[in-house]
Amino acid sequence: MTPGLKDNPWTDEFQIVFYHLWHHEGRRARQGALMGAPDYAHWHGFFELQQDLYKLEELYEKRLATGEIE
């Protein structure tokens, strides 16, 4: 187990958000960019990707400050 993460990744919000960042929003951003679909790449890719990054930062800071995994 990695320090600061739950044993089961599907019960750990940080790991779930990271999964969506890479496998959902990240894939849409990459595919939209490669296929020349700027609206899809931006709104369904990079915009949502940035929202995930904000959420991960918030969770990280909370865990760092409290020393606990919610």
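What are the residue pairs meeting all of these: first residue in region 7-28, first residue farther than 17 Å from Glu61 by Cβ, second residue aromatic (Phe, Trp, Tyr), Cβ atoms under 8 Å, and 6 or more apart or on different chains?
Taking only residues 6 or more apart or on different chains, the pairs are Pro9/Tyr19; Ile16/Trp10; Glu25/Phe46; Arg28/Tyr40.
Identify all residues within region 52-65 that are in contact with an Asp or Glu (Cβ under 8 Å, 6 or more places away or on another chain) and not basic (Lys, Arg); write none if there are none.
Asp52, Leu59
Which members of region 26-70 meet the condition of being closer than 22 Å to Asn8 by Cα, modelled with pLDDT of 90 or more and surrounded by 11 or more Cβ atoms within 10 Å (Cβ to Cβ)?
Answer for region 26-70, where residues must be closer than 22 Å to Asn8 by Cα, modelled with pLDDT of 90 or more and surrounded by 11 or more Cβ atoms within 10 Å (Cβ to Cβ): Asp52, Leu53, Lys55, Leu56, Glu58, Leu59, Tyr60, Lys62, Arg63.
For region 14-70, give me each residue that is of a type outside the set (Asp, Glu) and assigned to a loop (DSSP other than H, G, I, E, B).
Residues satisfying the conditions are Met35, Gly36, Ala37, Gly67, Ile69.
Does region 36-44 contain at least one residue that is among the acidic types (Asp, Glu) and touching a helix residue (DSSP H, G or I) at 6+ places or on another chain (Cβ under 7 Å)?
Among the residues of region 36-44, not one is among the acidic types (Asp, Glu) and touching a helix residue (DSSP H, G or I) at 6+ places or on another chain (Cβ under 7 Å), which makes the answer no.
The values are calculated or read from the model by the stated rules, or taken from the named source; none is laboratory data. Note that the structure is predicted; figures quoted are calculated from it, not measured. All Cβ positions, glycine included, derive from the backbone under ideal geometry; neighbour counts span all protein chains shown.
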